[in-house]
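*Asks:* Sharing a structure here in structure tokens format.
The values are calculated or read from the model by the stated rules, or taken from the named source; none is laboratory data. Everything quoted here is computed from the prediction, not taken from an experiment. Counting neighbours? That spans all protein chains shown, and the Cβs are built from the backbone with ideal geometry, glycine included. We work out accessible area using only protein heavy atoms, side chains counted, and drop any ligands, DNA or RNA first. Shrake-Rupley method; radii C 1.70, N 1.55, O 1.52, S 1.80 Å.
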Amino acid sequence: MPQFVQSVANQQTPPPYHFPGVRVHAFIIDMPMDAVQSYCDTYFNLGDAKQRGFVYRPLAVSPFAVLMVIEYPMMINSNRAQLGYDEIPFADRGYSSQNEVFLAFPVLRHGLTLRNLFMDAAVEWAMPFIAVNNSTSAFSGREILGLEKLWAEIDLGTGIYPNGFSARVAIPAWSSLNPNVQQQMLPVVMIDTGTPLPSVGRASDLTSPWTTLQSPAALKTFEFLSGAMDGLCTFSNGIIPSPMHLVALKQFRDAEDPHRAIYQALVGARTRYYDVSELQLYNEQDVTIMLNSGGSFGEIARLFARGAAGPLVATDPSQGDQPLNLIAKAAFTFRANLDFDEMRTLHTFPVDGGGAVPEDLTTPGDLLSPWLVPWQGFFGVGTSGGSQT
Amino acid sequence: MTQFIESISTHQLLPPYQSINSQVNGFLFDIGADAIAAYCDRFLNLGDPLERGFIYKPLYAAPFGLLTLTQYPSMCSLDRLVPKSFGVSAGEWDHLQQNEFFCAVPVYRYRLTPANIMFDPVIRWIQPFIVVDNATSAFSGREILGLDMLYGHIDVGDGAKPGGMSVNVSVPAWETFRPDCPQKMAPFIEVQMGPPLENDGSPDSQAAMESLSLNTGGVIAQLQAAIPALGSIAHGVFPEAMDLVILKQFRAAGDPYTAIYQALVGARCRYSEVSELKLYDASTVSVQFMGGDMVDEIIRTFLNLAPSWPGTMDLQPLLTPKMAFSAPPPPPPPTLANIRMAFSFKATIDFDGIRTLHTFRDGAPVNV
């Protein structure tokens, strides 16, 4: 593959990253299987199944999604590679900070043949919505990893209750599908919590303060996440998925015909939480999550709305800007260190015409299940060749 | 044809674009031909020249660049398929507002014979840096066209002198390259300009216009000799159509120092319905590139402007990371651009004619 021509003005910082002392606020909402399957089919299960060799499906044991708000006081680029051109390595340039909001849900990937059914099996997390308030992070996430990070104004605070939490997220958007409407900053997500538990008991005694752990959905989630964890601090009781393997569709448009792709691949990365501390639960009944569903937010709302109580409202732009109320099944906050690393191309989809240089000409795809990685090379265990397309 | 999988999260404005009533302020400034030659070699003349079959070179006879502020009150996409996908029939779609500040420099593209002889020169424009204050625009420019658009703040206001104007451009930057330096919005460019010249028949205005003609006549002649197709905008120093050449490239996820795609992309920026042309006394215009390691790195790499502080000339100290316990050096002074001519006008801007000129493939270029 050709060498990337490094430019001092391209505002990217290539991974890996180290994020010490992040503050995480997590809200678990329902995410029905059909919504996840639809997302998998649209963004991951592209092309012919036989040629692809694998399939993404919902994870049957966990029909939930996590809406996370993360405060990064310090984002350290740990990439010490020499750039050439007399430029300073990224790790030595300085650090940055940001706030981030995303929705993530787990998906199961497995092979389609007897040979790779288990070898290519993995639980990964899809991120259909992610917004940050740092443009360097947005450009790096979008262009290197394929995460479609939106740039947003993200205001975080304590809300009206002591030690509570509030988030206001606004992105540039169009308030309706009227072709003449002008783009403006519009609120997309609004979150408010009460005081962390044990609280003064705003909710009924029957459900507070242990209502979170009495919720079957929350318990199932916690049990699953406990099982998926690897070396997590026991203080967190298994709430946080660590490591969290991400999967994203990385694609770029053709300049001449922007409805055509010049590159399409599934890209994976790992986020790892450790040194978890200051875990606190919110009473989920004190949590309100409002989502703007008007105009250009319709698509996001349709995805989120599967987790909302009652029927979906206001994805039709003609109905105006009615907010959607998402029901939190569990809510908690903690502090941790976070590493972001192990970026790799899982699978490159073939594209027609003068597209990109396929990575898998020189490097095979990397669909191998994480649990088999230590055994790679034994007994002929390797990648399924799913990316050898 | 491989379909791009659409999503609201792509948040891109699809070309072609149009913007009516756009306000353009242009500043013609001196630029080192060596810096442009280095830019061409680094970003455009990739791979083997004979296999590539072309070469980009500076206009040695007219080593000028254009710093341009453009205010787009309502830029829109003319793509028909996106509104159609929403069941809307519209010729214009996704209107947005933005300010843009860029540097554009004309270069020659020659064809190369197997004997390495250059022929058939055509003018193309490069944009060594471009700053916008709209994220949708930045995502579109970067991911569709390949422009390395910086996202920043661009504040346009009144100038220090009555009737004048000021422009402050800031970008996320590290003032000093050291591991403990926080990234913040840092001043990048500051422009101060006086009021436009007006020929109201008074002796003062007559004298000012004569002075302008005297000072800029040579520049105009140089430019027009080098670029015969220059339009009549701003006395023939601003092109009616700017044919851009852009290196579009994307990093591999597993190895961010290799490219999964690398191509030269062409696009045309056309100015029409030009009105309200105004000229300014260049001596009342100040364009400063503000101090700081990251800003300094950009102007040193792309513009080869006069050094603003010792570190710009001696890179070795910068290559050693400075430790937290050492005191940060004082902020370097700004670097002044030598402005030769300043003007403004209103116009309709069309951005179209986008095409892939040349795809580089593993060192072996492939024309498409």
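*Asks:* Suppose we keep only residues that are touching a Ser or Thr at 6+ places or on another chain (Cβ under 9 Å) and small (Gly, Ala, Ser) within region A:42-56. Which one would you say is farthest from the other protein chains (Cβ to nearest Cβ)?
*Replies:* A:Gly53
*Asks:* While we're here: Quick test for you: out of A:Ala126, A:Ala138, A:Ala121, pick the one residue that is more than 22 Å from A:Ser293 (Cα to Cα), in contact (Cβ under 8 Å) with a residue 24 or more places away in the chain and in contact with a helix residue (DSSP H, G or I) (Cβ under 9 Å, 6 or more places away or on another chain). Give the derivation first.
*Replies:* Details: A:Ala126 fails: more than 22 Å from A:Ser293 (Cα to Cα); A:Ala138 fails: in contact (Cβ under 8 Å) with a residue 24 or more places away in the chain.
Within the list A:Ala126, A:Ala138, A:Ala121, the selection yields A:Ala121.
*Asks:* Can you name the residue in region B:192-213 that is open to solvent by 60 Å² or more (accessible area, probe 1.4 Å) and either among the polar types (S, T, N, Q) or within 11 Å of chain A (Cβ to nearest Cβ) (or both) and, of all such residues, is nearest to B:Glu100 (Cα to Cα)?
*Replies:* B:Gln192
*Asks:* Of the residues B:Met294, B:Met313, which single one is crowded, with 22+ Cβ neighbours inside 10 Å and either of a type in the set (A, V, I, L, M, F, W, C) or modelled with pLDDT under 75 (or both)? Break it down stepwise before answering.
*Replies:* Numbers: B:Met313 fails: crowded, with 22+ Cβ neighbours inside 10 Å.
When all the criteria are applied, what remains is B:Met294.
*Asks:* Consider A:Val188 carefully, then state whether it is in contact (Cβ under 8 Å) with a residue 12 or more places away in the chain, of a type outside the set (S, T, N, Q), touching a helix residue (DSSP H, G or I) at 6+ places or on another chain (Cβ under 7 Å) and part of a strand (DSSP E or B).
*Replies:* Against the criterion (in contact (Cβ under 8 Å) with a residue 12 or more places away in the chain, of a type outside the set (S, T, N, Q), touching a helix residue (DSSP H, G or I) at 6+ places or on another chain (Cβ under 7 Å) and part of a strand (DSSP E or B)), A:Val188 qualifies.
*Asks:* Could you check region B:241-273 and list, in sequence order, the residues that are open to solvent by 10 Å² or more (accessible area, probe 1.4 Å), within 8 Å of chain A (Cβ to nearest Cβ) and within 18 Å of the chain's Cα centre (by Cα)?
*Replies:* B:Leu247, B:Gln249, listed by residue number.
*Asks:* Got a sec? Which helices (runs of 4 or more DSSP H) wholly within region B:30-119 have at least 3 residues that are open to solvent by less than 40 Å² (accessible area, probe 1.4 Å)?
*Replies:* On the way: elements: B:33-39, B:49-52, B:81-85.
In region B:30-119, the matching helices (runs of 4 or more DSSP H) lie at B:33-39.
*Asks:* Ok, one more. Which pairs do you get when a residue that is touching a residue at least 60 places away in the same chain (Cβ under 8 Å), found in region B:27-44, comes within reach of a residue that is in a helix (DSSP H, G or I), reach meaning Cβ atoms under 7 angstrom, with the pair 6+ apart or on two chains?
*Replies:* Cβ pairs passing all conditions: B:Leu28/B:Val219; B:Ala35/B:Phe302; B:Tyr39/B:Phe302.
*Asks:* Applying the selection to region A:1-41, what residues are assigned to a loop (DSSP other than H, G, I, E, B), within 14 Å of chain B (Cβ to nearest Cβ) and open to solvent by 40 Å² or more (accessible area, probe 1.4 Å)?
*Replies:* Just the residues of region A:1-41 that are assigned to a loop (DSSP other than H, G, I, E, B), to begin with: A:1-2, A:4-16, A:31-32.
Narrowing the set further to residues that are within 14 Å of chain B (Cβ to nearest Cβ) leaves A:1-2, A:4-16.
Residues satisfying the conditions are A:Met1, A:Pro16.
*Asks:* So, one more: For A:Pro73, state whether it is away from every other protein chain (no Cβ under 14 Å), assigned to a strand (DSSP E or B) and touching a strand residue (DSSP E or B) at 6+ places or on another chain (Cβ under 8 Å). So that I can check it myself, show each step before the final result.
*Replies:* Numbers: away from every other protein chain (no Cβ under 14 Å): no; assigned to a strand (DSSP E or B): yes; touching a strand residue (DSSP E or B) at 6+ places or on another chain (Cβ under 8 Å): yes.
Answer is no for this residue.
*Asks:* Among all residue pairs at least 6 apart or on different chains, which show Cβ distances below 6 Å where the first residue, located in region B:85-102, is at the interface with another protein chain (Cβ under 8 Å from one of its Cβ atoms) and within 12 Å of B:Asp133 (Cβ to Cβ) and the second is open to solvent by 20 Å² or more (accessible area, probe 1.4 Å) and in a loop (DSSP other than H, G, I, E, B)?
*Replies:* That search, which allows pairs on different chains as well, returns B:Leu96/A:Gln183.
*Asks:* For region B:1-21, give me each residue that is in a loop (DSSP other than H, G, I, E, B), more than 7 Å from every other protein chain (Cβ to nearest Cβ) and open to solvent by less than 40 Å² (accessible area, probe 1.4 Å).
*Replies:* Just the residues of region B:1-21 that are in a loop (DSSP other than H, G, I, E, B), to begin with: B:1-2, B:4-7, B:11-16.
So of that shortlist, the ones also more than 7 Å from every other protein chain (Cβ to nearest Cβ) come out as B:6, B:12-13, B:16.
Answer for region B:1-21, where residues must be in a loop (DSSP other than H, G, I, E, B), more than 7 Å from every other protein chain (Cβ to nearest Cβ) and open to solvent by less than 40 Å² (accessible area, probe 1.4 Å): B:Gln12, B:Leu13.
*Asks:* Related question: State whether one or more residues within region B:128-149 are away from every other protein chain (no Cβ under 12 Å), in contact (Cβ under 8 Å) with a residue 40 or more places away in the chain, surrounded by 19 or more Cβ atoms within 10 Å (Cβ to Cβ) and under 27 Å from B:Phe64 (Cα atoms).
*Replies:* Initial filter on region B:128-149 (away from every other protein chain (no Cβ under 12 Å)): none.
Among the residues of region B:128-149, not one is away from every other protein chain (no Cβ under 12 Å), in contact (Cβ under 8 Å) with a residue 40 or more places away in the chain, surrounded by 19 or more Cβ atoms within 10 Å (Cβ to Cβ) and under 27 Å from B:Phe64 (Cα atoms), which makes the answer no.
*Asks:* I need a count of the residues in region B:160-191 that are touching a residue at least 12 places away in the same chain (Cβ under 8 Å), surrounded by 19 or more Cβ atoms within 10 Å (Cβ to Cβ) and in contact with a strand residue (DSSP E or B) (Cβ under 7 Å, 6 or more places away or on another chain).
*Replies:* At the first step, the residues of region B:160-191 found to be touching a residue at least 12 places away in the same chain (Cβ under 8 Å) are B:160-181, B:184-191.
Among the residues that remain, those that are also surrounded by 19 or more Cβ atoms within 10 Å (Cβ to Cβ) are: B:165, B:167, B:169-178, B:181, B:186-189, B:191.
Next, only the ones that are in contact with a strand residue (DSSP E or B) (Cβ under 7 Å, 6 or more places away or on another chain) stay: B:165, B:167, B:169-173, B:175, B:186-189, B:191.
Number satisfying all stated conditions: 13.
*Asks:* Something else: Please specify each residue of region A:170-185 satisfying the condition of being open to solvent by 30 Å² or more (accessible area, probe 1.4 Å), facing chain B (nearest Cβ under 9 Å) and either in contact with a Leu (Cβ under 6 Å, 6 or more places away or on another chain) or more than 14 Å from B:Trp93 (Cβ to Cβ) (or both).
*Replies:* Scanning region A:170-185 gives a single hit, A:Gln184.
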